[in-house]
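The values are calculated or read from the model by the stated rules, or taken from the named source; none is laboratory data. Nothing here was measured: the structure is a model prediction, and the numbers come from that model. A quick note on method: Cβ atoms are made from the backbone with ideal geometry, for glycine too, and the neighbour counts reach across all protein chains shown. Heavy atoms of the whole protein, side chains included, go into the accessibility calculation; ligands, DNA and RNA do not. Shrake-Rupley method; radii C 1.70, N 1.55, O 1.52, S 1.80 Å.
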Amino acid sequence: SIGMAVLAYAGNLYYKTKVNERDDESAMRVADYVSAISGSLATYTSDNNTQIQSKAAIGTIPGSRVQNPTLQDLVNVANLNARYLNPVTYKTATINFVPSVVVDTSNGCTVPNCMLTYSVRTTDFLPSQKDSTVPDIGRTNMVAAKISSTRAGVSLPATLGNPSQFVAAGGILVGTNPTYQPGLIYAENVFDTQMLRPFLRRDGSLPMTG
């Protein structure tokens with residue numbers, strides 16, 4: 001009957017809405033992780049910028065790893081909450097996070113007076129609801145925008161862009177993607193050792209306000 005059809009349609013619509021709400025909430029955990037790890041990296045770089053640039057040991061972190069600290073390292077020395085050691089599970093994906101610090105010598109600086117770019121990258125994409133083998137780019141862009149509209153980007157599939165780049169809204173280039181894996185999220189900040197504070201852009205033009 002028409003009444004039964006209306007009820008079935010309403011029930012299906014309600015179910016889809018709840019699934020979308022659940023997926024949005026789960027996806028936003030990625031934004032929470034990236035923001036928390038980025039905050040920990042800010043502490044890590046500001047407290048240890050000389051050692052990082054010189055590749056000198058920081059506590060139990062050997063010099064060979066100071067520019068690529070593990071999440072456990074950040075828990076130990078940079079106040080990262082241990083709950084961020086657990087990966088994010090989203091549908092069929094298990095998403096981990098890779099922190100990194102790069103010494104920028106492009107302006108001819110000498111260590112330890114260079115700027116540091118600290119970043120976080122995800123290891124897997126958010127699977128699409130219809131096809132788990134491809135990334136949900138719409139939801140991934142939503143997560144990146146939640147992190148930052150200018151310093152967080154997504155690696156787009158070749159059909160939409162260049163998977164070797166991380167781009168924010170409007171096509172703003174945020175960084176390069178050495179994995180070429182589409183659907184990943186990357187966020188970075190710059191720490192200027194001369195000004196002793198983080199910046200949003202590589203050229204130091206936008207000081208971070210929060």
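Accessible surface calculations at 1.4 Å, restricted to protein heavy atoms, place region 121-197 at 47 Å² per residue. R0 = 35 Å: FRET efficiency of SER26 with SER64, Cβ-based, nearest 0.05? Efficiency, from the Cβ-Cβ distance: 0.50.
At 1.4 Å probe radius, can you tell me the per residue accessible area of region 17-65 in Å²?
Values: 2210 Å² over 49 residues.
Computed with neighbouring chains in place, this is 45 Å² per residue.
Working note: Karplus 6.51/-1.76/1.60 with θ = phi - 60° gives region 47-63 the couplings 7, 9, 4, 5, 5, 4, 5, 8, 6, 9, 4, 10, x, 8, 8, x, x Hz, where Gly and Pro are set to x.
Return the tail of the calculated pair distribution for region 19-146, meaning the percent of Cα-Cα pairs more than 26 Å apart. Let's see the in-between values first.
Details: 2569 of 8128 pairs.
Here the tail beyond 26 Å accounts for 32 percent of pairs.
Amide hydrogen proximity for VAL134: with H placed 1.01 Å from N in the peptide plane, the residues at 5 or more positions away or on another chain lying under 5 Å are SER128.
MET28 contributes about 50 Å² of solvent-accessible surface, heavy atoms of the protein only, 1.4 Å probe. Accessible area of ILE137 (1.4 Å probe, protein heavy atoms only, ligands and nucleic acids ignored): about 20 Å².
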